[in-house]
Structures are given as C-alpha cells and as structure tokens.
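Below: one structure, written as structure tokens.
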C-alpha cells in the first residue's frame, strides 16, 4: 500500500472547501462527545483534526502510510502496528475508500482490534439527495435530506484515489453496515451532514460496550 497523493494535496484551495470544513467539525465533535482518554487517528491529512483535539487537551496518536506527513506511527490500516485495545476511540475519516473493497473487512477488523470502546468513521456516499431547509416562525429551522431514487446504481470507476463509494453498484449502504457488524461493532449513530451529504458518518461501539 503506497500513498496516492503528495503531502501538499491536503493544503490547497480546491481540497479545503467549505463543505470539507463542515466535515472537520463533525469529525471533531463526534470524538469529543465520547470524551475519550486516548485517540488513534488513522490518515492525518492536513493535521487539522489532531491539532485541534490536542489543543483541547485530548491525547491523540496519529498513524499514516505516508512518512512525509510525519505521523506518530507509520503503518497501514490493514496491519496496524499497535497492540490490541490500545485506544478508547479509533478515528478514520475518508480513508477506507482508498482501499479496494475486498480489503474493507480486514481494515475494519484491525480498527476493531486496536479499539477498546469506539470507532468513528466517515466514508463517501454518492447517493443523490434533495436538501430541504425551511424556516418556520416561532418554531425554528427544519432541515431534511431527501434521497432521490435511481433506477440503477452507477458503476464506480477508480479515479486514482477512490476504489469505491457508498451508493455505487456493489457498494450498498446495507453491505457496508453488514461488514461493520461482522467486525464486532454495533452502530450507535449514522448520518450524513446536511451541509455535506457526500460524507456519511458512523459512530461504532465495540460489542462489549453495548448496553453499558
């Protein structure tokens, strides 16, 4: 497994869109809600998430396959070079689609192995939506994402980075959820941000945590 892009890919105008910064907020917020004592971030990108969390007092260890990004640990999500149940939260945002889907279950198993409580993931989703935003006097704001049906799911073509996306042919949300559950996770939260529905978020709990 080799890096697909150069380090400066993560610091430029075309990459850091308004929508991506909205996703950064959700990444940070979902982690902080869990109040973990230890965090592993797999795939560090431009460093915004772990830098912010570190400044808020969270203990974050970073891992990436690209040594040029200067992670704490160099390694692949398919073989994480860390002990079992090392971290309360394992975060992996917009990373797993860079692997062929046949490797997705193995990556999930590794994430489950090094987590002792939770995992927070995001994956790209191509399913089209209509965004409904209504301001109702004395009630407030109503926001809804309404899926737009397709007669046939489009076929995904490798673009040099993404091997697959949720909603493309053979990569249904049902299949993705099934693989997560087979890896020992219970899905605690699943959603697409209204402002950036291209990213779907998953908050996962290890099965031993369910019911606590």
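If I build a Gaussian network model for the chain, linking alpha-carbon pairs within less than 10 angstrom, which residue out of 139, 33, 74 has the largest mean-square fluctuation? Answer for the Gaussian network model of the chain: 139. If R0 is taken as 41 Å, the Cβ-Cβ distance between residue 133 and residue 9 corresponds to a FRET efficiency of 0.80. Taken over segment 20-59, the percentage of Cα pairs per 5 Å bin, counting from 0 up to the bin with the maximum distance, is 6, 21, 40, 26, 7, 0. Here segment 48-159 is treated as a Stokes sphere of Kirkwood radius computed over C-alpha pairs; at 20 °C and 1.002 mPa s its diffusion coefficient rounds to 124 µm²/s.
The helix-based estimate of mean residue ellipticity at 222 nm for the chain, built from -39,500 (n - 2.57) per DSSP H run of four or more residues and divided by its residue count, is -6500 deg cm²/dmol to the nearest 500.
Comparing 166, 146, 134 in a Gaussian network model of the chain (Cα springs below 10 Å), the most mobile by mean-square fluctuation is 134. I want to verify the translational diffusion coefficient of segment 95-198 in µm²/s; compute it with Stokes-Einstein, Rh as the Kirkwood radius over Cα pairs, at 4 °C and 1.567 mPa s. In µm²/s, the coefficient is 83.
With neighbour counts taken as other beta-carbon atoms within 10 Å, the residues 127, 61 rank, fewest first, as 61, 127. The alpha carbon centroids of segment 1-52 and segment 117-157 are separated by 21 Å. Spin-label pair residue 145-residue 189: with each label point 7 Å from Cα along the Cα-Cβ axis, the two points sit 1.4 nm from one another. Springs join every pair of Cα atoms under 10 Å in this Gaussian network model of the chain, and among 43, 140, 57 the largest mean-square fluctuation is at 140. Listed by Cβ neighbour count within 10 Å, with the fewest neighbours leading, 94, 30 appear as 94, 30. With all projection directions averaged, the alpha carbon convex hull of segment 17-103 covers 6.2 nm². Compute the whole-percent fraction of alpha carbon pairs in the chain spaced more than 24 Å apart. The calculated P(r) of the chain puts 43 percent of pairs beyond 24 Å.
What's the exposure ranking of 122, 38, going from fewest to most Cβ atoms within 10 Å?
Working: 122 24, 38 16.
Ascending number of Cβ neighbours within 10 Å: 38, 122.
No value in this document is a laboratory result; all are computed from the given coordinates. Keep in mind it's a predicted model, so treat the numbers as computed, not measured. Because the Cβ atoms are built from the backbone with ideal geometry, glycine has one as well, and the counts that use them run over all protein chains shown.
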